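Single-structure report; data block below.
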Amino acid sequence: MAKKEWQFAFIEMMKKQPYRELLGTTGWIVLNNAPWATYAQNRLASVSHCPNVQHYKALRKHSAFLYQNRDLGVTAHGPR
């Protein structure tokens, strides 16, 4: 397979990955519940125009981290 064909195949494969949808979901979580994770969210959003497999894996790891630490949200009245 020539280099151009491989590049087009890779681009088509990445178009099928729900990168922006998952980025939007994690963005909502970060905005409303986990402001301490904004740096990672912003770094992942900076490549949303052309993500590759490495970025997609990092986004999946970020979303798993947010899920595993879902009890660390912001509290308005402190611990009870």
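Remarks
- With each label modelled as a point 7 angstrom along the Cα→C-beta vector, the LYS57-ASN32 pair spans 3.1 nm.
- Förster-model FRET efficiency, 22 Å R0, GLU5 and ALA45, C-beta, rounded to 0.05: 0.15
- Annotation: extensible slack from GLN68 through THR25 equals 14.0 nm (criterion: 0.36 nm per residue apart, minus Cα-Cα distance).
- Taking Lys and Arg as +1 and Asp and Glu as -1, the other residues whose beta-carbon sits under 13 Å from that of VAL47 total +3.
A short reminder: the numbers here are calculations on the coordinates, not readings from a lab. Bear in mind that the values here come from a model prediction, so they are computed numbers and not experimental data. Note: ideal-geometry Cβ built from the backbone for every residue, glycine included; neighbour counts use all protein chains shown.
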